[in-house]
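Here the structure comes first, spelled out in structure tokens, and everything after it is commentary.
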Amino acid sequence: MAKLCMGLFSGSLDKLTAAGVIMSGAAADDMDVEVFVLLQGARAFIKGNENKIDNLAEASHLKGEFTQALKDLNVSTWYEFFEMAKEMTNVKIYICSLAGKIWGGEKLEDFNGLVDDLCGIGEYLTAAEEADIHMFI
Amino acid sequence: MSQEELQNLVVDKSVDARGTACPGPLLEAKKSIGTIASGEIMEVLSADEGTKRDIPKWANKKGHEYLGTVEDSGYFKIYLKKG
């Protein structure tokens, strides 16, 4: 089975949504998915933060247009995409332990239900080396 | 299959994904194909242009047979036979 490895550096609404769409496509294809959440990304996974993410990484002046369009098009939230992908295929989400600490997350219970474990950078690189597809968002 | 043959197909499962944008129809197709038996036919209704190319490619990769697409007003119907 093909394996997708994703380095999720960004914790912004636009890039989280992109990650969610890509991940659910991988789920439809029965791929195994491993996501390594780095630096800024970890903020979105702190328990209670999932609905607080409203900044864009790119073209921040278009935020209103972007969020309204997602709503009009009935697009799932980034969190829903991640949940759907986890229901459909083998998706593991790991938080880089340094990234967690930056946003006040020391232990697994500090993070939301999507997160499987905390990890170190070595594991991310090994996963990227072994994956069929690697992307950095 | 010809357009006429497609239109006369008796489908075992119909999935209406017209209310969703990409990747909604693909996800609906993936979920629903698990509920039918091998050899049965499913139609997916979609109004998302990307889906027209996406679902046939996905189906072929997953071992299902893509039978064809019928255009209707404002949406289209994609026919698949489960492998």
Provide the per-residue ³J(HN,Hα) series for segment A:39-49, in order, calculated from phi with Karplus coefficients 6.51, -1.76, 1.60 and θ = phi - 60°, each as a whole number of Hz, with x at glycine and proline positions. 4, 4, x, 4, 4, 5, 9, 5, 3, x, 8
Could you please report the charge total around B:Gly83, scoring K, R as +1 and D, E as -1 over all other residues with beta-carbon less than 10 angstrom from its beta-carbon? +2
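Rounded to the nearest 5, what % of the DSSP beta bridges within segment A:3-136 are antiparallel ones?
For segment A:3-136, the DSSP antiparallel bridge percentage is about 5.
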Packing-based order for A:93-103, B:58-68, using average beta carbon neighbours within 10 Å, highest first: A:93-103, B:58-68
Leaving out ligands and nucleic acids, note down the accessible area per residue over segment A:3-136 with a 1.4 angstrom probe, in whole Å². 48
Sum -39500 (n - 2.57) across every DSSP H segment of at least 4 residues in chain A, then divide by the residue count to get the 222 nm mean residue ellipticity, nearest 500. -11500 deg cm²/dmol
Calculate one ³J(HN,Hα) per residue across segment B:18-25 by plugging θ = phi - 60° into the Karplus curve 6.51 cos²θ - 1.76 cosθ + 1.60, and present them in order as whole Hz with x for glycine and proline. 5, x, 10, 9, 3, x, x, x
Per the 1/(1 + (r/R0)^6) rule, R0 = 22 Å and r from the Cβ atoms of A:Asp117 and A:Glu87, FRET efficiency to 0.05 is 0.70
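Assign one of three labels to the protein assembly as shown, namely rounded, prolate or oblate, based on the Cα gyration tensor with a ≥ b ≥ c the square roots of its eigenvalues; rounded applies when a/c is under 1.5, prolate when it is not and a/b is larger than b/c, and oblate otherwise.
Verdict is prolate for the protein assembly as shown.
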Area of A:Leu118 that stays accessible when all protein chains are in place (1.4 Å probe, Å², to 10): 40
Where does the charge balance sit around A:Leu108 when Lys and Arg score +1, Asp and Glu -1, over other residues with C-beta under 12 Å from its C-beta? -3
Rounded to the nearest 0.05, what FRET efficiency do A:Glu109 and A:Asn51 have when you use their Cβ-Cβ distance and R0 = 25 Å? 0.85
Can you tell me which of A:Lys47, A:Lys107, A:Lys86 moves the most in a GNM of chain A? Springs connect C-alpha atoms under 10 Å apart. A:Lys107
Just read off the accessible area of B:Ile41 with the full protein assembly in place, 1.4 Å probe, to the nearest 10 Å². 20
Take every residue in peptide B:55-65, count the Cβ atoms of other chains within 10 Å of its Cβ, and give the average of those counts. 1
For segment B:41-71 and segment A:100-137, compute the distance between their C-alpha centroids and round to whole Å. 34
Go ahead and collect, in residue order, the members of segment B:61-82 whose backbone nitrogen is under 15 Å from a label point 7 Å along the Cα-Cβ direction of A:Asp30. B:61-65, B:82
Restricting to Cα pairs below 8 Å that are 6+ residues apart, what does the relative contact order work out to for chain B? Please round to a whole percent. 34
Using the Cα centre as the reference, give the magnitude of the dipole from point charges on the C-beta atoms of the protein assembly as shown (Lys, Arg: +1; Asp, Glu: -1; all else neutral), rounded to the nearest 20 debye. 180
Which parts of segment B:17-41, residue by residue, lose 10 Å² or more of accessible area when the rest of the protein chains are there, as against the chain isolated (1.4 Å probe)? B:Gly19, B:Thr20, B:Ala21, B:Cys22, B:Pro23, B:Leu26, B:Leu27, B:Lys30, B:Lys31
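What's the carbon and sulfur percent of segment A:3-136's accessible surface, probe 1.4 angstrom, rounded to a whole number?
The computed percentage sits at 52.
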Placed amide H near A:Leu118: partners under 5 Å, 5+ positions off or other chain: A:Ile95
Take A:Lys3, B:Lys81, A:Lys71 and sort them by solvent-accessible surface of the protein heavy atoms, 1.4 Å probe, largest at the top. A:Lys71, B:Lys81, A:Lys3
Between chains B and A, what is the buried accessible area in Å², counting both sides, with a 1.4 Å probe and ligands, DNA and RNA left out, to the nearest 100? 1000
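The values are calculated or read from the model by the stated rules, or taken from the named source; none is laboratory data. Please read all numbers here as calculations on a predicted model, not as lab measurements. Note that each Cβ is placed from the backbone with ideal geometry, even for glycine, and that neighbours are counted across all protein chains shown. For the accessible areas, the whole protein counts, side chains as well, though only heavy atoms, and no ligand, DNA or RNA atoms are used. Shrake-Rupley method; radii C 1.70, N 1.55, O 1.52, S 1.80 Å.
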